[in-house]
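Below is one structure, written out as structure tokens, with a few remarks after it.
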Amino acid sequence: MTHITGRGAMRRTVVVTGGGTGIGRATARAFAAEGAEVLVVGRTGRNLAATAAGHPGVRTLTADLTEPGAAERVAAAAMESWGRIDVLVHNAAAVLPEPVGSLTRDAARRQVETNLLAPLFLTRAALGGLEAAGGTVVCVGTAATLGRRAFPGMSLYGATKVALDFLVRTWAVELAPRGIRAVGVAPGETDTGIGERMGWSAEEIARHQEQAAARTPSGRVGRPEDVAWWIVRLARPEAGYASGTVVAVDGAASVV
């Protein structure tokens, strides 16, 4: 199912997946605050509506990007409205923590389809719009998988994010002749509300964030706005010489 609402004047154009909460919501609002026309995509209409509330530059499209044809519908909606896509932000992700011994095929399929296949096929569908704009693809990964670090209990989720980093490097080279850049942002521990969505209690969330802050040289967990700031700036024309790079936004946690 796909449904788009809202219209606006032509401005810089941005598509943000997973735009109903957390980093996606902050990113959509940050682009809109700079005058962009933003399309937020997600599965839950009420969350998308909350993202757009009070932000006239943000319009919404409800879609499950793991469904056949969804990527093409999202790209078509953007092209129908704008004729180009300046920025495509792949932020949507499924997080299903399980050790390998208890990982189910359904959980594995959901994470691979959401975290890896959806960005791949949405990028493919959006190539015409990105080329028309000389656009930028931004993949949101995780700092937890940078370097030679392990991610116990999150092996498949981490593997999909490592794959995104590889896509960034490869697309930067493959798509350069078409005038398209690819960059990545790797957030550290960030207060996105994922704990609540995973059913954790307030006490569990507080304990987890306290432990994460203690491991982070900056002494705190991140805010969605911390990550959104970098996404917006990496996608600016002034950042045009940056391509194929993944920027860690994690309070230095990945280098200790």
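Stretch Ala107-Trp200 to full length: gain in nm at 0.36 nm per residue minus the Cα-Cα span?
Here the answer is 31.6 nm.
Can you work out the Karplus-derived ³J(HN,Hα) for every residue in the range 76-88? Use 6.51 cos²θ - 1.76 cosθ + 1.60 with θ = phi - 60°, whole Hz, and x for glycine or proline.
5, 4, 5, 5, 4, 7, 10, x, 6, 9, 6, 9, 10
Using just the helices of the chain, give the 222 nm mean residue ellipticity in deg cm²/dmol: DSSP H runs with n ≥ 4 each add -39,500 (n - 2.57), and the total is spread over all residues, rounded to 500.
The per-residue figure over the chain is -13000 deg cm²/dmol.
What size of dipole, in debye to the nearest 20, comes out for the chain about its Cα centre when the only charges are +1 on Lys and Arg C-beta atoms and -1 on Asp and Glu C-beta atoms? Display every interim value, and only then the final one.
On the way: 27 positive and 23 negative charges, 59 e Å.
Rounded to the nearest 20 debye, it is 280 debye.
Ala214 versus Glu238, label points 7 Å from Cα toward the beta carbon: distance in nm?
With each label point 7 Å from Cα toward Cβ, the separation is 4.0 nm.
Provide, as a two-decimal number, the C-alpha radius of gyration of the range 163-256 over 2.2 N^0.38 Å, N being how many residues it has.
1.30
Return the distance in nm (one decimal) between the two label points of a simple spin-label model at Leu120 and Ala53, each offset 7 Å from Cα along Cα→Cβ.
About 3.8 nm separates the two model spin labels.
With point charges of +1 on the Cβ of Lys and Arg and -1 on the Cβ of Asp and Glu, referenced to the Cα centre of the chain, which listed residue (Gly240, Gly54, Val112) lies farthest in the positive direction of the dipole?
Result: Gly240, furthest along the dipole toward the positive end.
Please work out the Cα center distance from the range 30-55 to the range 177-192, rounded to the nearest Å.
19
Taking the 0 to 90 degree range and rounding to the nearest ten, how far is the long axis of helix 202-215 tilted relative to the main principal axis of the chain, both from C-alpha atoms?
90
Would you mind checking the tilt of helix 118-133 against the longest principal axis of the Cα atoms of the chain, expressed as 0 to 90 degrees and rounded to 10?
40
For the chain, what is the relative contact order in percent, using Cα pairs closer than 8 Å and at least 6 residues apart in sequence? Provide the component values of the computation, followed by the final result.
On the way: 518 pairs, mean separation 47.8, N = 256.
After rounding, I find 19 percent.
The numbers here are math on the coordinates, done by the rules we state, and not lab data. None of these values were measured; they are calculated from a predicted model. Quick reminder, even Gly has a Cβ in these numbers, built from the backbone with ideal geometry, and neighbours come from all protein chains shown.
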